[in-house]
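Structure record follows, encoded as structure tokens.
What follows is calculated from the coordinates using simple rules that are stated; it is not laboratory data. Predicted model only: the values in this text are computed from it and were never measured. In this analysis, Cβ positions are derived from the backbone assuming ideal geometry, glycine residues included, and neighbour counts consider all displayed protein chains.
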């Protein structure tokens with residue numbers, strides 16, 4: 001890894017990491033310096049996980065709470081997309097133990113989360129309690145589920161079942177005779193801006209969900225699925241109504257999507273992965289979301 005990534009892992013500045021490599025850095029004023037070994041490649045440094053682990057172990061030998069292995073740090077940073085789980089800030093990121101280290105000595109990523117220094121301090125003070133911390137971690141996992149959670153195959157049977165269940169869940173009894181969706185074509189960057197969709201979440205949907213969109217389009221266009229397709233567009237109309245009513249409660253569109261998922265997943269527990277893909281599809285195909293100011 002390069003210096004910038006090592007700085008993220010250590011929660012240090014780039015200059016501190018560079019100093020640790022070139023001259024060593026004191027654990028505390030007056031103590032012996034600890035050096036981080038790195039390979040020199042041209043004008044860059046390359047740091048392997050093993051050497052970073054050795055450095056962390058030595059530098060934090062007196063503070064076991066902070067002696068978090070490199071692979072755990074990477075797992076937590078990836079889960080949070082290198083952002084604070086509470087405020088989505090990107091500066092001064094730190095690793096927080098939801099179950100306090102003083103209670104159970106652990107570095108279990110299931111009970112840890114990435115926070116900025118400010119939000120970390122708020123959690124330490126009890127301003128954000130453990131239940132809320134877990135809710136923020138849960139939202140990260142809903143926003144950015146592991147790629148392995150997605151289906152190797154995307155069956156029409158799963159999709160048909162999901163659309164019927166969503167229609168029943170929303171209790172749509174008197175749909176309009178035609179969809180209220182305007183099907184306006186809009187540049188995706190403009191749409192993201194209008195809907196306050198974060199680039200990180202858009203890229204996640206694009207990279208992990210979009211491969212399945214062609215399968216959904218084939219399903220909706222097939223004459224044999226006309227009745228189910230009509231249910232889909234009734235669901236879209238209902239989603240747009242809910243989004244319009246709730247939009248002001250949220251800072252970004254991805255948070256609206258998470259709220260919808262939170263609500264639906266409590267009832268659609270058999271099909272959560274297909275639900276994730278279908279909701280992303282509704283946004284990409286401009287069936288939901290704002291398309292004009």
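All C-alpha to C-alpha distances of segment 3-60, sorted into 5 Å bins beginning at zero, yield P(r) values of 4, 20, 33, 29, 10, 4, 1 percent in whole numbers. Take the alpha carbon atoms of segment 5-63, find their center, do the same for segment 194-219, and report the distance between the two centers in whole angstrom. Here the two parts' Cα centres lie 39 Å apart.
Under 20 Å from a point 7 Å along the Cα-to-Cβ line of residue 90: which residues of segment 15-29 have their amide N that close? The answer is 15-17, whose backbone nitrogens lie closer than 20 Å to the label point. Counting neighbouring Cβ atoms within 10 Å and putting the fewest first, the residues 90, 40 line up as 40, 90. Here the calculated FRET efficiency for residue 127 and residue 33, from their Cβ-Cβ distance with R0 = 41 Å, stands at 0.65, rounded to the nearest 0.05. Classification of segment 70-144 by its C-alpha gyration tensor yields a rounded form. The axis ratio a/c (a ≥ b ≥ c) stays under 1.5.
As a rough footprinting exposure proxy, the listed residues 236, 86, 78 were ranked by other beta carbons within 10 Å of their own, and the order from fewest upward is 78, 236, 86. Fewest neighbouring Cβ atoms within 10 Å first, the residues 94, 200 line up as 200, 94.
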